[in-house]
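Asker: Got a structure for you, written out below as C-alpha cells; questions coming shortly.
Every number here is computed from the coordinates shown, using simple stated rules; none is lab data. What you see is a predicted model, and the numbers here were worked out from it, not measured in a lab. Ideal geometry is used to build each Cβ from the backbone, glycine not excepted, and the neighbour counts take in all protein chains shown.
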Amino acid sequence: MRINGVLNKAAWALVMTAGAASTQAAQKVCVFDILGASGDAFNMAKDYGLAMQKQGVTLELKAYTNEGVATEDFRAGQCDALLASAFRTRQFNTVSGAIDTLGSTTMIKNGKIDMAASYDVVRKVIQTYASPQAAKLMVQGNYEIGGIFPFGAAYPVINDRSITTVEALAGKKIAAFDHDKAQALMIQRVGGQPVSADISNFAAKFNNGSVDMIAAPSLAYKPLELQKGIGAKGGIARFPIMILTYQLVLNQAKFPAGFGEKSRNHWLGEFDRAMSMIKNADAGIPAAAWIDLPPENAQKYNLMLRESRLDIASKGIYDAQGLKVIKKVRCSMNAADAECTTKSEEG
C-alpha cells in the first residue's frame, strides 16, 4: 500500500520477502533410476520435491541412469543430495547402509521364510531411524540420511535350475559389484567365482551368458529383460539374499536445520507406496520362472548368510552398530529365535 507515494513498512517487507524467495537457489538432487526420468524412483523423487516445497525448500532433480556417475557428481559437489541404492550410499552413512546386508532383515518362521515379516523388519528399522532419538546416527561427517525406502528383496537369478543348492554354486560365475566388497567375499565363501560388474552392466553380463547368476529384485526383471538370461533352463530362487533399499543422502550444510528429520518422515510415509510397487513387480514375473527351494534349506541358508554377515562385519565392511539395531528389531518380533539369547550376533 502506498501512503503519499511511499511504500509503508508492511508492504515493503512483503516485497523484500517475495524478492528473496524468487532468487533463492534450488538444492540439486542427483537421482539414480535405471529408467531415468520415467522410472519409479524418479517419480517418487518428484513427489518428494513437491512435498518439500511446502517445507520451504526447492529441489531441482537430475535423473541419472548410471549410479556411479550420480554418486561421483554428488561427491564432487555438483549436487546437494543423492538418491541411490544403499550399495552406493553406504559410504556416506554406514549405519543406515547396514540394512542392505546379507540376511539381516530375513525372518524365518516355522522353518519357512516369512516375507511379510521380513519387510516389517525393514519398516521398523526405517521407523527407528526416522525418530528424533536416532537423529545423531543419521549424520556422519558432512552427510545426513534424509530418507530410506525399500526396493525389494534381492533374489538369486540363475541360468540353470539345477543350481538350487549352495554346493551347486561351486565354480559358477557370479556377478559381484566392484563397489561392494561384501559381494565378492560372500561368493568366494560358497566356492563361486566373482565376476566384476556394476549396476549398469550386471544384467547384460547375465543375459549374454558371461555369468551364471546375479542377485536382483523383481523390480529389475522387466526393465533389464532378465528373461533373456533365464531362458528355458533358468529361474529365480524365492530366497531373499537381502532386502534392498534406496537411500537419500544430504550434504547437510546445504539444507536448513531440522530438514533431515522432516525429509526422513516423508520417506517413511512412502513405505506402503514402495511396497505396492514391489508386490506388483513380484506378481508380474511368470509363475514358471520362480523356483521354490525345499523348506529344510531355508533355515540352513539363512544361518549361512548370518555366518557370512558376522565374518564380513569382523573385517570392518559392515557397520556393527547398524547391525545391532537390526538385530534388536528382529528379536522384538521373534524373541524365541535362538540368536536372541546369544551375544555372538552383531554387537
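Asker: Within 10 Å, count the other beta carbons around each residue, average over each peptide in 149-155, 259-265, 50-56, and list them highest first. Please report the intermediate quantities before stating the final value.
Answerer: Working: 149-155: 23.6, 259-265: 20.1, 50-56: 13.0.
So the peptides 149-155, 259-265, 50-56, ranked by packing, come out 149-155, 259-265, 50-56.
Asker: Taking K and R as +1 and D and E as -1, what net charge do the other residues with C-beta under 15 Å from the C-beta of Lys124 add up to? Present the calculation step by step, with values, prior to reporting the outcome.
Answerer: Values: positive: Arg123, Arg264, Lys324, Lys327, Lys328, Arg330; negative: Asp114, Asp120, Asp272.
Value of the local net charge: +3.
Asker: Here is a follow-up. Take the cross-link list Lys62/Lys228; Lys172/Lys315; Lys205/Lys228; Lys124/Lys315 and give me the ones stretching past 22 Å between alpha-carbons. Each step should come with its number before you reach the end.
Answerer: Working: Lys62/Lys228 30 Å; Lys172/Lys315 25 Å; Lys205/Lys228 11 Å; Lys124/Lys315 27 Å.
Beyond 22 Å between Cα atoms: Lys62/Lys228; Lys172/Lys315; Lys124/Lys315.
Asker: Taking only DSSP H segments of four or more residues, each worth -39500 (n - 2.57), what value at 222 nm results for the chain once the sum is divided by all its residues, to the nearest 500 deg cm²/dmol?
Answerer: Details: 13 runs with 138 residues, N = 347.
So the helix-based figure for the chain works out to -12000 deg cm²/dmol.
Asker: What are the DSSP H helices in the chain that stretch 15 Å or more along their long axis, judged by alpha-carbon atoms, and whose average Kyte-Doolittle hydropathy comes to at least -1.0? Before the final figure, lay out the partial values.
Answerer: Details: long enough: 9-23 (21 Å, 0.89); 40-53 (20 Å, -0.27); 115-130 (23 Å, 0.31); 271-283 (18 Å, -0.25); 295-314 (30 Å, -0.85); 320-333 (20 Å, 0.14).
The answer, listed by residue number, is 9-23, 40-53, 115-130, 271-283, 295-314, 320-333.
Asker: Pulled fully out, how much extra length does the chain show between Asp272 and Ser200, if you take 0.36 nm times their separation in residues and subtract their Cα-Cα distance? Could the numbers behind the result be given before it?
Answerer: Working: separation 72, 0.36 × 72 = 25.92 nm, distance 2.74 nm.
Gain on extension, Asp272 to Ser200, equals 23.2 nm.
Asker: Could you list which residues have their amide H under 5 Å from that of Trp290, counting only those 5 or more apart in sequence or on another chain, with H placed in the peptide plane?
Answerer: Ile236
Asker: Also: Label points 7 Å out from Cα along the Cβ direction at Gln78 and Val139: separation in nm?
Answerer: My value for the distance between the label points is 2.9 nm.
Asker: Using alpha-carbon positions, what is the distance between the centroids of the stretch 234-277 and the stretch 91-126, in Å?
Answerer: 13
Asker: Run the simple label-point estimate for Ser314 and Leu293 please: 7 Å along Cα→C-beta, distance reported in nm.
Answerer: If labels sit at Ser314 and Leu293, their model points lie 2.2 nm apart.
Asker: Here's something else I'd like to know. Between Asn110 and Asn265, what is 0.36 nm times their sequence separation minus the Cα-Cα distance? Round to one decimal in nm.
Answerer: 52.4 nm
Asker: Under 5 Å between amide H atoms, partner at least 5 residues away or on a different chain: which partners does Met242 have, H built in plane at 1.01 Å?
Answerer: When sequence neighbours closer than 5 places are left aside, the close amide H contacts are Gly103, Ala154.
Asker: Related question: What fraction, in whole percent, of alpha-carbon pairs in the chain exceed 33 Å separation?
Answerer: On the way: 17967 of 60031 pairs.
In whole percent, the long-distance tail amounts to 30.
Asker: Something else about it: Classify the stretch 192-303 as rounded, prolate or oblate from the Cα gyration tensor: take a ≥ b ≥ c as the square roots of its eigenvalues, call it rounded if a/c is under 1.5, otherwise prolate when a/b beats b/c and oblate if not. Before the final figure, lay out the partial values.
Answerer: Working: a/c = 2.11, a/b = 1.77, b/c = 1.20.
Prolate, since a/c reaches 1.5 and a/b exceeds b/c.
Asker: Can you tell which of Glu307, Glu167, Glu144 shows the greatest fluctuation in a Gaussian network model of the chain with Cα springs below 10 Å?
Answerer: Glu167
Asker: Then there is this: Which FRET efficiency value, to the nearest 0.05, do you get for Lys328 and Ala257 by plugging their Cβ-Cβ distance into 1/(1 + (r/R0)^6) with R0 = 35 Å? Display every interim value, and only then the final one.
Answerer: Working: r = 29 Å, r/R0 = 0.83.
After rounding to 0.05, the efficiency reads 0.75.
Asker: Also, quick follow-up: Which value, in debye to the nearest 20, describes the size of the charge dipole of the chain about its Cα centre when Lys and Arg Cβ atoms bear +1, Asp and Glu Cβ atoms bear -1, and nothing else is charged?
Answerer: The calculated dipole for the chain is roughly 520 debye.
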